[in-house]
1. Just need log10 I(q)/I(0) for segment B:90-133 at q = 0.16, 0.20, 0.25, 0.29 Å⁻¹, Debye formula, equal scatterers on the alpha-carbon atoms, no solvent, rounded to two decimals.
2. Is there a quick way to get the dipole size of segment B:7-223? I mean about its Cα centre, with the Cβ of Lys and Arg at +1 and of Asp and Glu at -1; what is the value in debye to the nearest 20?
3. Ordering A:E182, A:E118, A:E103 from largest to smallest accessible area (1.4 angstrom probe), what's the sequence?
4. Report, in degrees rounded to the nearest 10, the 0 to 90 angle that the Cα long axis of helix B:69-82 makes with the longest principal axis of chain B.
5. Nearest 20 debye, what's the magnitude of the dipole of the protein assembly as shown about its Cα centre given +1 on Lys and Arg Cβ and -1 on Asp and Glu Cβ?
6. Set Lys and Arg Cβ to +1 and Asp and Glu Cβ to -1, take the dipole of chain B about its Cα centre, and tell me which of B:Y198, B:A123, B:A89 lies farthest positive.
7. With angles folded into 0 to 90 degrees, how steeply does helix A:7-42 sit against the dominant principal axis of chain A? Use alpha carbons for both and round to 10.
8. Show me the three semi-axes of the equivalent ellipsoid for segment A:1-68, from the C-alpha gyration tensor (sqrt of 5 times each eigenvalue), largest first, rounded to whole Å.
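The values are calculated or read from the model by the stated rules, or taken from the named source; none is laboratory data. If you're wondering where the values come from, they're calculated on a predicted model, not measured in any experiment. A quick note on method: Cβ atoms are made from the backbone with ideal geometry, for glycine too, and the neighbour counts reach across all protein chains shown. Please note that ligands, DNA and RNA were not included when accessible areas were found on the heavy atoms of the full protein model with its side chains. Shrake-Rupley method; radii C 1.70, N 1.55, O 1.52, S 1.80 Å.
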Amino acid sequence: MGGHLNINHLMFLGQGALWTIGLSMIALIGGGIVGFVIALARISPLKSVRIASAIYVQLVQGTPLLVILFLGYFGLAAIGLKVSPLAAAGASLTLYVAAYLGEIWRGCIQSVPKPQWEAAEGLALSRTQRMMKVILPQAIRIATPPTVGFMVQIIKNTSLASVVGFVELMRSGQIVNNSLFEPFAIYAIIAVTYFAMCYPLSLFSQRLERRMGRGRSNLATA
Amino acid sequence: MSLQLDFPAVLERWPSFLAGAALTLELAFFATVLGALLGTLAAVGRGTHNALIAGTCKVYVETIRNTPLLVQIFLVYFGLASLGLKYSAFSVAVAALTINVGAYTAEIMRAGFEAIPRGQIEAAEGLALSRLQIYWHIILLPAIEKVYPALTSQFVLLMLASSVCSQISAEELTAVANYIQSDTYRAFETYIIVAVLYVILSLVMRAGFWGLGLVLFPRRRRLGTPL
């Protein structure tokens, strides 16, 4: 038994919380970049690209993140790369987030009203110009609330990186618990910390959604 | 960099894989049924005029939706143990997954309830239907029909999330994989096989829900709206 919860334990948990945020940022940025490519590939004019990206999304969305993490951890090792838990977790989360963000963003791009596409075509803009100047600026507006909402999922899911030995919030909680044996108190602290990180994002996403809803109904009556 | 895969060495453990997959489906089934009930109750509770009930349901939904499943499972597992209650890993897993999916189901059902036009309830009242009849025929069933796709996606996600139960040694598919890889030293092959099994399970579940939807909502099929 290692005594009682003291300031050192809390500092250690705080450090873990910082790594949770760090890993979430890595997953969001990496997954965002790959996910953007996936979203565009899903609506590509080339059928083979569409099919390949659809298969990717189906495979990732049909597999638990935990298994993807194990695959990343042992897979990178199997091809002879020495992997740190950070690299394995970062790579796996990137692939996972990309599949979900890719699908969310594809929906947003496709929900830009059809006449906008046609008008852009009528103005003789090239496909790239149509995308960059007409469709994407509108799609980004539509995509903001669900993307903020998905960030909550990303933060929660980084807790699974603890399983491949990455010392984020969850893992640091397990380590502290190994010396204190007060699982209920420690996991309650962990839960509250996750809640404190996620709930503001949830509220923000809901507010954005309500504002968007109002904006859209204004459009409809205009 | 050389990659040598030896699948036969792992595949000879197929009875264990099958047993794990069966337990995963079993976990998912119990948690889906119980979670659907809990979620519907929570959604109804959030809509009541009783501030205490509505508040409790809101706190439940928001707490669960903003904390990781892994933390919830550990809390239930160690929480019950510290109260001196001993349950099997399977029952704890079912309980934790039910509590988890119940919160998501509640949000989906609430969206369904909100999508029921007020006029239809008034019309039913005008036709002198009882409160129970109105709740069942005018509110609950049409709401489920509206959110059926979102609801079933949530249950497939639940099946995938049940992999986290391997961490409290409920012997579902991922836990089986952990044993096999530590036994055979063939981690990459093992997890590739497990990933394929999960993809198959989720395809089977999707197909099952799609078929069930055709049976439950024949009107939808007639109208030709995609499920």
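1. One equal scatterer on each Cα of segment B:90-133 leads to -0.62, -0.72, -0.85, -0.95.
2. Value, rounded to 20: 620 debye.
3. Order by accessible area, largest first: A:E118, A:E182, A:E103.
4. 80 degrees
5. 1560 debye
6. Positive-end residue among those listed: B:A123.
7. Between helix and principal axis, roughly 20 degrees.
8. 41, 14, 5
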